[in-house]
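The values are calculated or read from the model by the stated rules, or taken from the named source; none is laboratory data. Here the structure is a predicted model, which is why all the values come from computation and not from measurement. Here the Cβ positions follow ideal geometry from the backbone for every residue, glycine too, while neighbour counts run over all protein chains shown.
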Amino acid sequence: MQDHGVVIVGAGLAAATAAETLREEGFDGPVTMIGAEEHLPYLRPPLSKGYLAGTEGEDALVIQPASWYQEHDVEVRTGVTVLRIDREHQVLACSDGGSVPYDRLLIATGASSRRIPLPGADLPGVLLLRTVEESRRLQAALADGPSPKRLVLIGSGWIGMEVAATARSRGAEVTVVGIESVPLSAAIGPELGALFLRRHRQAGVRFELEQTTSRILAADGRAAGVELGSGTRIDADTVVIAVGAVPNVDLAAEAGLEVANGVVVDDGLRTSDPRIWAAGDVANALRGRLGEPQRFEHWANAIATGRRAARSMLGLPLGAEETPYFYTDQFDLGMEYWGYPSLTADARLVLRGDPDSGAVVAFWVAEEGDAAGTVVAAMHVNVWDAQAELEQLVTSGRPVDVAALVEGPERAA
């Protein structure tokens, strides 16, 4: 029988990492990657940071050069959408009219920007930010025409705040509209969100908080601002909607795979079909520390799950589950976070240092249940020598002395 090998649907970081891992682990069968975008796999974090700012070029996006795929015999089909998975015959139907058989299939379809039903959301001048083309359009909007540019961001989460910082650094007049009383508070709480809010305000970013947007205003056939639920109008040359992302599950759902806030997979990233795995933003994976599935959308998760899925496909030992990690850069604030946000709601926040100083270490210590006394999440802002300590504390799951956390690593060790 012909060996159809591994087929990967999607061509992002999780897909590329899976392909790399398959070859590193000695798999010599066919590997085919099918991506809807016209690009080889690329990194997304720079799209709201250095690439958008113009301080990083196309090379900052490269995961592997084109030559790597050729040298490692990985076929990459770009600009092709998989329309249907025929699980019975193990074959994919594609938008180019072709069909692709598989022995093992990895779904790495990622996520898409969440859209909201706002009047005027389809006007020219209203942008999302998920792809390299969208980042280029925003770059152009910030560069073309008279200055200063006026930018309104709908959404005060990570992407909204990163774009706000980048655009303001490029001289744009920036207003952020958010439903929270403090940006980022849903992710890291109001005490730490306030640190970022202060820095943005110091840089001249304006905020309309605890506000909804009722519609996008138009003039001369394009976006000209927003109207808030309060009736306030804000003029703009460009409006960016940054209200989160939704996993691309349609393909999996139509194939009858289990779907719930992503494609549901076990700790080896295997779906309800034993011949199909899922990784990256689309995977709602069983997390041993949590005892339940949880989906993460950050780049480190794409790497970790892409690697883990490949090893699972090959029947290799999976090793320890990697601790979730993400980071952000906004103005001169650099933040890194390790841990499980879903466990922080009932945890005690412990701070080392003063957030007002712009440099702080934060720990979330569980107070109840089996995890009581352990650090379930930790982050730092501009305290770079804390990296190893924070990751180790979260990963170990061991009880800690709260007083020692406050005083420093010598006591906490």
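Looking only at the stretch 18-45, count every residue that is outside any loop (DSSP other than H, G, I, E, B) and hydrophobic (A, V, I, L, M, F, W, C) and tell me the total.
Here the count works out to 6.
Collect the residues in the stretch 100-118 that are in a loop (DSSP other than H, G, I, E, B) and touching a helix residue (DSSP H, G or I) at 6+ places or on another chain (Cβ under 9 Å), keeping them in residue-number order.
Passing the criteria: Ala108, Thr109, Gly110.
Among the listed residues Glu407, Glu391, identify the single one that is among the acidic types (Asp, Glu) and either touching a Leu at 6+ places or on another chain (Cβ under 9 Å) or within 30 Å of Leu52 (Cβ to Cβ) (or both).
Working: Glu407 fails: either touching a Leu at 6+ places or on another chain (Cβ under 9 Å) or within 30 Å of Leu52 (Cβ to Cβ) (or both).
Being among the acidic types (Asp, Glu) and either touching a Leu at 6+ places or on another chain (Cβ under 9 Å) or within 30 Å of Leu52 (Cβ to Cβ) (or both) holds for just one of Glu407, Glu391, which is Glu391.
Of all the residues that make up the stretch 344-355, how many are over 16 Å from Gln387 (Cβ atoms) and surrounded by fewer than 19 Cβ atoms within 10 Å (Cβ to Cβ)? Break it down into steps so the answer makes sense when it comes.
Going through the stretch 344-355, the residues over 16 Å from Gln387 (Cβ atoms) turn out to be 344-351, 354-355.
Retained after the next criterion (residues that are surrounded by fewer than 19 Cβ atoms within 10 Å (Cβ to Cβ)): 345-346, 348-351, 354-355.
Matching residues across the stretch 344-355 total 8.
Residues Tyr102, Tyr51: which one is farther than 30 Å from Val239 by Cβ and of a type in the set (Phe, Trp, Tyr)? Don't jump to the end; show me each part of the working.
Numbers: Tyr51 fails: farther than 30 Å from Val239 by Cβ.
Testing whether each residue is farther than 30 Å from Val239 by Cβ and of a type in the set (Phe, Trp, Tyr) leaves just Tyr102.
So Gln70 fits all but one of (1) over 26 Å from the mean Cα position of the chain (by Cα); (2) in a loop (DSSP other than H, G, I, E, B); what number is the exception?
(2)
Inspect the stretch 268-276 for any residue being of a type in the set (A, V, I, L, M, F, W, C) and not in a loop (DSSP other than H, G, I, E, B) and give the result as yes or no.
Pass one, the stretch 268-276, residues of a type in the set (A, V, I, L, M, F, W, C): 269, 276.
Of the ones still in play, those that are also not in a loop (DSSP other than H, G, I, E, B) are 276.
Yes.
Tell me the residue from Ser272, Ser312 that is surrounded by fewer than 24 Cβ atoms within 10 Å (Cβ to Cβ) and under 30 Å from Pro46 (Cβ atoms), please. Lay out the reasoning, then the answer.
Working: Ser272 fails: under 30 Å from Pro46 (Cβ atoms).
Only one candidate passes the filter, namely Ser312.
Quick one: which helices (runs of 4 or more DSSP H) lie wholly within the stretch 296-413 and hold at least 3 residues that are touching a strand residue (DSSP E or B) at 6+ places or on another chain (Cβ under 9 Å), of a type in the set (Gly, Ala, Ser) and in the same structural domain as Gly12 (by TED's automatic domain parsing)?
299-313
Quick check: is even one residue across the stretch 59-68 hydrophobic (A, V, I, L, M, F, W, C) and exposed (fewer than 13 other Cβ atoms within 10 Å of the Cβ)?
yes
Which ones in the stretch 46-58 are outside any helix (DSSP H, G or I) and surrounded by fewer than 19 Cβ atoms within 10 Å (Cβ to Cβ)?
Result: Gly54, Thr55, Glu56, Gly57.
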